[in-house]
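For reference, the structure is listed below as structure tokens.
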Amino acid sequence: MSRRILLVTSSILGEQGQSNALAAHLQARAAERDDVTLTHRDLVAEELPHLGLEELSSWQVADEARSAAQRELAARSDALIEELQAHDVVVLGVPLYNLGIPSQMKAWFDRVMRAGRTFRYTESGPQGLVEGKRALILAARGGQYAGTELDSQTPHLKAMLGLIGITDVSLVYAEGLAMGEARREAALAEAKQAIDGLVAAL
Ligand SMILES: Cc1cc2nc3c(=O)[nH]c(=O)nc-3n(C[C@H](O)[C@H](O)[C@H](O)COP(=O)(O)O)c2cc1C
């Protein structure tokens, strides 16, 4: 069965970005397989603006009733949701910046988490509408936080993915990247090995 990967990266550090390096490693491994295709969305090369009222309001107007400006604004989120729906696996390259996700990635989530499109409110709470997908998070961090209270990033990402229906989430951490050369090399090697295993099991 062929698998379609959507790779979403968000490091502002370009070629020095460690989550970008992990993403590139995954991309190379995926390219070795005939049954895997990959689309790369680089949220830094193609930056999304903050979500604002005009864009949010454009979603609440029926397509035929939209002004030309509203149509253009709504198309931004429509296209990102269609892209997500067209893939089986979403891989997120996620740096830790100031204890959170990069604002570029938040801007992407703000477009794909859309009531009535990717989730809906029910009497028993929100229900995700993005079905049959799994996610893989490649987390690059200067310090060491996984499993501690300071890791608010992982629950936040899982909660956002879960809300739209993606509950099968795997994590690869490369931590301690600012804690000395030896530690960095070991963390990156371990993360790449984990990626090899995950791509092989796709
Ligand atoms: C603006 C900025 C903020 C950062 N904030 C944190 C932080 O709060 N905690 C931490 O452990 N590392 C922090 N770092 C270090 C990054 O997590 C580390 O450089 C990691 O490699 C970032 O991923 P990237 O290389 O893919 O961009 C920060 C780096 C930058 C550039």
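The values are calculated or read from the model by the stated rules, or taken from the named source; none is laboratory data. Predicted, not measured: the structure shown is a model, and the values here were computed from it. Cβ: placed from backbone, ideal geometry, glycine included. Neighbour counts: every protein chain shown. The accessibility values were calculated without ligands, DNA or RNA, using every heavy atom of the protein model including side chains. Shrake-Rupley method; radii C 1.70, N 1.55, O 1.52, S 1.80 Å.
Descriptive notes on the structure:
- Long-range amide H partners of Arg41 with built H, under 5 Å: Leu7, Val8, Thr9
- The packing ranking of peptides 110-116, 62-68, highest mean first, is 110-116, 62-68, where packing means the average number of other beta carbon atoms within 10 angstrom of each residue.
- For region 100-115, Karplus couplings with θ = phi - 60° (6.51, -1.76, 1.60), whole Hz, Gly/Pro x: x, 7, x, 4, 4, 6, 4, 4, 5, 4, 4, 8, 8, 9, 10, 4
- With R₀ set to 41 Å, the beta-carbon distance separating Ser124 from Glu54 gives a calculated FRET efficiency near 0.80.
- Most mobile listed residue (Ser124, Ser170, Ser11) in the chain, GNM with C-alpha springs under 10 Å: Ser124
- For region 114-202, applying the loop criterion from DSSP together with a ceiling of 10 other beta carbons within 10 Å to the GluC sites (Glu not before Pro) yields Glu123, Glu131, Glu149.
- Computed P(r) (all Cα pairs; region 3-200; 5 Å bins; percent): 1, 7, 15, 19, 20, 16, 11, 6, 4, 1, 0, 0
- Folded to 0 to 90 degrees: helix 18-31 orientation relative to the chain principal axis, Cα: 90
- Overall, the accessible surface of the chain at a probe of 1.4 angstrom is composed of carbon and sulfur to the extent of 50 percent.
- Only helical runs count toward this figure. For the chain, summing -39,500 (n - 2.57) over DSSP H runs of n ≥ 4 and dividing by all residues gives -12500 deg cm²/dmol at 222 nm.
- Difference of contour (0.36 nm per residue) and Cα-Cα distance, Val44 to Glu15: 9.2 nm
- Result for the chain in a Gaussian network model with C-alpha springs under 10 Å: among Val94, Val36, Val172, the largest mean-square fluctuation is at Val36.
- Amide H contacts under 5 Å for Gly100, placed H, 5+ residues apart: none
- Linear extension gain, Val61 paired with Thr167, 0.36 nm per residue minus alpha-carbon span: 35.2 nm
- Under a Gaussian network description of the chain, with springs only between Cα atoms under 10 Å, the residue in Met179, Met160, Met105 that fluctuates furthest is Met179.
- Centroid-to-centroid separation of region 177-202 and region 1-76 [C-alpha atoms, Å]: 24
- Extension gain from His156 to Ala69, taking 0.36 nm per residue of separation minus the Cα-Cα distance: 28.1 nm
- In order along region 186-193, the Karplus-derived 3J(HN,Hα) couplings, from 6.51 cos²θ - 1.76 cosθ + 1.60 at θ = phi - 60°, round to 5, 5, 5, 5, 5, 5, 5, 5 Hz, and Gly and Pro are given as x.
- Probe 1.4 Å, protein heavy atoms only - accessible area per residue of region 3-200 in square angstrom: 50
- Estimated inter-spin distance, Glu185 and Arg33, nm [label 7 Å along Cα→Cβ]: 3.0
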